[in-house]
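The values are calculated or read from the model by the stated rules, or taken from the named source; none is laboratory data. In this text, all values refer to a predicted model and were calculated from it rather than measured experimentally. Ideal geometry is used to build each Cβ from the backbone, glycine not excepted, and the neighbour counts take in all protein chains shown.
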Amino acid sequence: MINVNVLLFPEFETLDAFGPVEVLGCIPEYQLHYVSITGGTIISKQGMHVLTESIKEVDLSGILLIPGGQGTRPLIKEPKFIENLKGIVIQSKYCLTVCTGSALLARTGLLDDRQATSNKNALEWVHSVNTNVHWMNRARWVVDEKYYTSSGISAGIDMALGFIADRFGNEQAQKIAKSIEYIWNSDPNEDQFAK
């Protein structure tokens, strides 16, 4: 089994996390874990309560998913959180971010000189977090080695399907999209929300 560690924090955007979870949860080899730095109940921006495991208690060698949301704003100013996050990302085989989750990843310095994207409505702010990242203004999602970053909220579903296509083939991704009755935007460069 391969762990999918969904890193949650107060005020995360619910669909950022659970859109990709719907997709990744269709893979029998993937075991989902909802984690936070300290464990316990984490409340999303929409008021959803999620009981999490402490990040110290799970195998970090698999896939890390970092959602975005309003909760990213205070976290980029917390050096201890960013230091912990950097260590977690380094241990993970793959790191997927949705929306402003890429700002948290960018703050660690691990995206320096790499291509990435984020929510187009927050791109100016995300850019200000780390100007050493090659921010892609027109991309639904971006892949740079082990890093997958997606645009805003629902784009995380497209990215997760793209991740599945890269690991298991396009047919498997299309099968999952059909099973969840989702019209997959399978072109990472087609971003109708870009300005």
Looking at the stretch 73-86 only, could you name the residues that are in contact with a Ser or Thr (Cβ under 9 Å, 6 or more places away or on another chain) and either under 25 Å from Ile2 (Cβ atoms) or of a type in the set (D, E, K, R) (or both)?
Arg73, Glu83, Leu85, Lys86
Whichever residue in the stretch 154-195 is surrounded by fewer than 19 Cβ atoms within 10 Å (Cβ to Cβ) and of a type in the set (Asp, Glu) and, among such residues, is farthest from Asn121 (Cα to Cα):
Glu171
Select from the stretch 91-130 the residues that are over 14 Å from the mean Cα position of the chain (by Cα) and on the phi > 0 side of the Ramachandran plot and list them in ascending order.
Gly109, Asp113
Of the residues in the stretch 1-21, how many are at pLDDT 95 or above, over 23 Å from Ile82 (Cβ atoms) and over 13 Å from the mean Cα position of the chain (by Cα)?
1
May I ask you to say which residue of Glu53, Glu13, Glu22 is surrounded by 14 or more Cβ atoms within 10 Å (Cβ to Cβ) and touching a Pro at 6+ places or on another chain (Cβ under 9 Å)?
Glu13
Can you name the residue in the stretch 131-175 that is within 12 Å of the chain's Cα centre (by Cα) and of a type in the set (Gly, Ala, Ser) and, of all such residues, is nearest to Ser92 (Cα to Cα)?
Ala160
Sort out for me the helices (runs of 4 or more DSSP H) sitting completely within the stretch 122-184 that have 1 or more residues that are in contact (Cβ under 8 Å) with a residue 60 or more places away in the chain and out of contact with any His (no Cβ under 6 Å at 6 or more places or on another chain).
155-168, 170-179
Apart from one, (1) loosely packed, with under 15 Cβ neighbours inside 10 Å; (2) within 19 Å of Thr108 (Cβ to Cβ); (3) at pLDDT 95 or above; (4) of a type outside the set (A, V, I, L, M, F, W, C) all hold for Gly40; the odd one out is (2)
Restricting the stretch 128-153 to residues that are surrounded by fewer than 19 Cβ atoms within 10 Å (Cβ to Cβ) and modelled with pLDDT under 95, which is nearest to Lys80 (Cα to Cα)?
Asn137
